Each structure stands twice: as C-alpha cells, then as structure tokens.
Amino acid sequence: MIVDLVLSNAKAYIDNEIVDCSLAIKEGKIFKIGKKTAMPKAESEIGLENLLVLPGLIDAHVHLRDEGKSYKEDFLSGTAAAAAGGITTVLDMPNNKPVTMSIEAIRKRMRLAERKALVNVGFYSEFPESIDKIERIGGEGVVAFKLYMVEQVGGLNIDDDSALSEAFTTVSGLNLPVAVHAEDKATLKRTEDKCRRANCNSIEAFLEAHSEKVETTAVKRLLNIAKQTNVHIHFCHISTESALKVIIKAKRSGVMTTCETTPHHLLLSADDLKRIGGSALTMPPMREKHHNIALWRGVQKGWIDVLSSDHAPHSLAEKEAHLIWDTKAGIPGLETILPLILTQVKHGKISIAAIVRLMSEKPAEIFGLNGKGCLKKGNDADLVAVDLHRKYRVDASDFLSKAKYSPFDRLKIEGKPVKTFVAGQLVMDEGEIVAKPGSGEVIRRG
Ligand SMILES: [Zn+2]
C-alpha cells in the first residue's frame with residue numbers, strides 16, 4: 001500500500017485536543033492518523049515540525065464576484081486569497097451580475113469555478129421570482145438560499161410576509177437553510193432618505209440610519225416567519241447586542257436558528273470606522289464598543305455559531321465615493337480572518353477549539369458539507385498548517401485579492417497560515433500559490 005502523501009511530525013487538532021501525530025493522505029482523503037512509525041509508504045512526505053494542523057477552514061460568507069463584477073474579484077483571485085488565508089472552502093454569495101437565482105446562472109458559476117478555483121466553492125442562491133423554481137435550484141446543489149433585506153436583490157418581494165412564508169416553507173421542505181442579511185429596509189430607508197434630503201453626508205449619519213433597531217427589527221420579523229415555517233434561518237454578520245439577545249432567546253425556546261459574526265464586528269468599532277473612513281464601510285457597520293463586548297461574550301458562550309469574513313471586495317474608487325450613501329459597503333477579509341483570530345488566541349480571548357468550531361465544524365454542519373469540519377479518517381484532506389508564533393503586520397498591498405485595502409492594514413498580528421492543503425494537494429506554501437487554477441472542487445449539496 002502506497003499513499004499519496006504523508007504529513008509528518010505535526011501537532012494536529014483531533015477529537016477536541018491537540019495531539020502529536022502524522023497524517024497519511026490517499027486520493028484526497030485522510031487515510032490514517034497516527035505515529036510517524038505507523039505511517040504507510042508514501043509518494044511524498046512533508047514535514048510539519050512546529051506547525052499546528054487544523055481541519056480545513058470554511059468561510060461561509062464570501063462574495064467571489066466574477067462575471068459582470070470581475071473587476072472587483074474573480075474565482076481565481078478570490079480563491080487565491082482564500083488559500084493564502086488558510087481557508088479551504090468558501091461559500092459564494094449570490095448578489096452577482098447576473099444575480100445567482102436561476103439554474104442557468106448557477107450552472108454557469110459552477111462551470112467557471114471548476115475551471116478557476118483553487119479551493120472548494122459552494123454556492124448560495126437568491127430567491128427566484130417564482131416559488132416553483134426553488135425546488136429545481138435546490139436540486140442543483142446550492143448550500144443555502146440567501147435573503148438580502150436591505151433592498152430586493154432576488155425575485156422575492158421582501159416587503160411581503162406571506163411571500164416570505166411561502167418561500168421559506170418550500171426551502172424548509174428541501175432541508176436547506178436560509179441565510180439572511182438582517183437589516184430592516186423600511187426602518188433603514190426612512191432615516192437614509194431623511195439624511196439624503198438634509199444633505200447629511202457623514203459616517204455618523206450612516207450609523208444613525210443603520211441603527212441597532214434596524215438589525216433587531218429584521219431579526220424579530222424573520223424569527224416570527226421561521227417559527228411558522230420551520231425553516232432554519234441563519235443570520236449573517238450579527239453586529240448588535242440586542243439582535244444577539246433576540247437570537248439567544250429564540251434558540252432557548254427551541255427555534256432552529258444559527259448566527260454568524262465577523263472579525264470586523266468583533267475587533268473594530270464605530271471609532272475605527274470614523275478614523276478610517278469609507279474604505280472601512282461595511283453593512284452592517286462597525287458599532288460602539290459595548291457591542292464588541294457582547295459579541296465576544298456570544299462567541300465565548302457558544303451562542304454565535306459561525307465566524308466568517310464577509311469578504312466583499314470592491315474597487316478602491318467605489319470605496320471613495322463622494323457621498324457616504326453611494327460608497328460601496330464591504331471589505332476584503334479572506335486573508336486576514338485567520339491571522340486576526342489566531343492573534344486573539346494569544347490575547348486569551350478565544351481557544352483553538354472555538355476557532356475550529358466556528359470556522360470548520362459548525363459551517364460544515366449548517367451547510368451540509370459532508371466529509372468536512374474535522375480531521376478524521378475518511379474525511380476530505382482539506383487542512384491548514386499554521387505557525388502560531390509568527391509575528392508580522394497585515395500588509396494589504398500584498399493581498400492576492402483584487403481589493404488591496406483593509407481596515408486592519410499595518411496591524412501587528414501573531415499566527416500565520418503557512419500551508420493550505422485542498423483534497424491533499426498543497427495549494428499555498430508560505431504565501432505562494434503552488435497549485436493550478438481548477439484544483440478546487442465545486443461543492444454540490446446532497
Ligand atoms: Zn455579504
């Protein structure tokens with residue numbers, strides 16, 4: 001028996017603990033985990049001395065763009081950024097040009113990803129106009145449906161509760177989650193229109209429009225519909241203390257719901273947004289510091305299920321619009337999420353176990369990614385080797401993403417992904433991409 005690869009002398013996170021071991025990989029799967037002396041013969045061997053091996057990280061909230069938005073990012077640049085950041089699977093959001101909300105659009109994106117992607121890619125769909133089409137879109141293997149509540153992106157009328165109910169019931173029947181950007185359109189636009197009319201063009205005005213209440217109102221509304229339809233609502237980028245409280249209460253009462261937060265909502269505040277300006281603008285925005293504290297508590301208590309980057313690249317010109325209301329919201333995050341969060345291990349804010357739970361186990365479970373989420377025999381050999389002791393600074397000019405800016409630029413960090421393996425293939429080595437486009441796999445659920 002000859003396997004393809006042995007990764008030797010590693011420390012690896014297996015069965016909830018860090019153990020000294022070697023891993024044998026055959027045909028893209030983990031074939032054996034054990035002592036180096038127990039490893040089978042291999043075509044090649046890579047020594048991972050002084051590195052920690054984690055199960056491949058899954059970033060469940062990524063905008064890979066491409067097609068009509070390829071000037072912002074494409075499958076190759078976006079998945080190169082993922083590999084550089086130690087991420088082995090990304091889930092692609094549907095607000096593309098054209099919007100991912102038809103079988104044709106999904107198949108086209110899958111074909112493009114098959115040719116270009118360096119890491120695994122799964123796909124969200126927006127809701128089509130006709131409810132009848134939901135089932136067939138589900139049949140294409142999307143990982144979830146996405147609902148954007150700020151304005152209508154897909155075909156579903158977001159102002160109509162009964163339309164939402166009907167759509168959610170159908171999705172629930174397919175056993176897929178609905179991922180929601182929870183900001184209430186009516187509440188938000190009322191303030192935004194008032195500010196625009198009064199020529200308010202400040203970050204303060206943007207923060208006032210994207211208030212805590214905007215998020216909480218949407219969360220409450222969606223949870224009500226979730227209760228009636230039994231659909232699993234997954235809340236994207238929860239950013240406020242009160243929205244989190246509402247979600248915790250719903251979880252405790254038995255509602256099937258999960259939620260996500262991001263490194264920028266944990267680590268940055270409204271003060272940072274005001275200091276940096278439009279290039280740091282996100283939706284929802286960074287907020288007052290007591291929200292950071294509440295979100296950290298949510299992470300530490302296990303109430304927050306998923307940590308994602310919400311990698312949302314734009315051109316720099318789009319980030320420097322004249323009006324704050326026309327500034328594109330979103331920042332690149334694939335290359336910073338893991339280093340930033342490893343740095344927090346050093347600060348005692350989070351454990352390696354929690355990182356694996358938030359960035360691998362839970363996303364795999366929520367989005368039905370079989371064979372992923374933990375290191376065990378038979379699972380996909382998606383893994384990342386990190387150097388916990390590497391100290392350096394974020395350098396956005398070095399990003400492989402097309403978006404070469406970051407609110408974390410120049411920040412001192414400690415902990416670096418140094419090798420990324422996808423299905424047993426080394427894709428990133430010390431920041432360099434060493435695999436060919438197309439080596440990532442398209443994930444089809446079910
Ligand atoms: Zn997003």
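Miscellaneous remarks
- Cα-derived Rg over Rh, computed across segment 66-105 with Rh taken as Kirkwood radius: 1.02
- Relative contact order (%) - the chain, alpha-carbon pairs under 8 angstrom, separation at least six: 22 percent
- Segment 1-127: relative contact order as a whole-number percent, Cα under 8 Å and 6+ apart: 21 percent
- Each listed q (0.16, 0.17, 0.18 Å⁻¹) maps to a log10 I(q)/I(0) for segment 205-353, found by the Debye formula over equal Cα scatterers with no solvent: -0.90, -1.00, -1.10.
- Cα→Cβ-extended label distance, 7 Å offset, between residue 160 and residue 190, nm: 2.3 nm
- Dipole moment magnitude, nearest 20 debye, the chain about Cα centre, only Lys, Arg, Asp, Glu C-beta charged: 680 debye
- Distance between the C-alpha centres of segment 1-72 and segment 167-246: 38 Å, rounded to the whole angstrom.
- Cα-based radius of gyration for segment 27-108, normalised by 2.2 N^0.38 Å, reads 1.54.
- In degrees, nearest ten, helix 289-301 long axis to first principal axis of the chain (Cα): 50 degrees
- Here the label points at residue 444 and residue 272, each 7 Å from Cα along the C-beta direction, are separated by 4.0 nm in the simple model.
- Annotation: extensible slack from residue 37 through residue 169 equals 42.2 nm (criterion: 0.36 nm per residue apart, minus Cα-Cα distance).
- Binned Cα-Cα distances of segment 152-251, short to long, each 10 Å bin given as a whole percent: 15, 43, 30, 11, 2
- Applying a 4.7 Å Cβ-Cβ cutoff to the chain, the cysteines left without a disulfide-compatible partner are 21, 236, 259, 374.
- Qualifying lysines (Cα of each under 30 Å from Cα of residue 29; at least 8 residues distant if same chain): 11, 41, 108, 116, 362, 372, 376, 377, 416, 419, 436
- Each part reduced to its alpha carbon centroid, segment 303-356 and segment 367-446 end up 15 Å apart.
- The Cα atoms of the chain cover 70, 48, 43 Å along the three principal axes, with the biggest extent listed first.
- Tilt relative to the chain, helix 103-116 - C-alpha long axis, 0 to 90 degrees, to 10: 40 degrees
- At 0.692 mPa s and 37 °C, Stokes D of segment 338-424 from Kirkwood alpha-carbon radius, µm² per second: 227 µm²/s
- Segment 88-242, relative contact order in percent, only Cα pairs under 8 angstrom and at least six apart counted: 21 percent
- For segment 57-213, alpha-carbon Rg over 2.2 N^0.38 Å: 1.14
- Entry note, the chain: the mean residue ellipticity at 222 nm calculated from DSSP H runs of n ≥ 4, each adding -39500 (n - 2.57), is -9500 deg cm²/dmol after division by the residues and rounding to the nearest 500.
- Percent of Cα pairs exceeding the 15 Å cut-off, where the set is segment 288-384: 71 percent
- Rounded to the nearest 20 debye, the dipole size of segment 32-168 about its Cα centre is 860 debye, using +1 on the Cβ of Lys and Arg and -1 on the Cβ of Asp and Glu.
FYI, it's all coordinate maths here, none of it is from the lab. For clarity, every value in this text was computed on a predicted model and none was experimentally measured. As a convention, Cβ positions derive from the backbone with ideal geometry for all residues, glycine included, and neighbour counts pool all protein chains shown.
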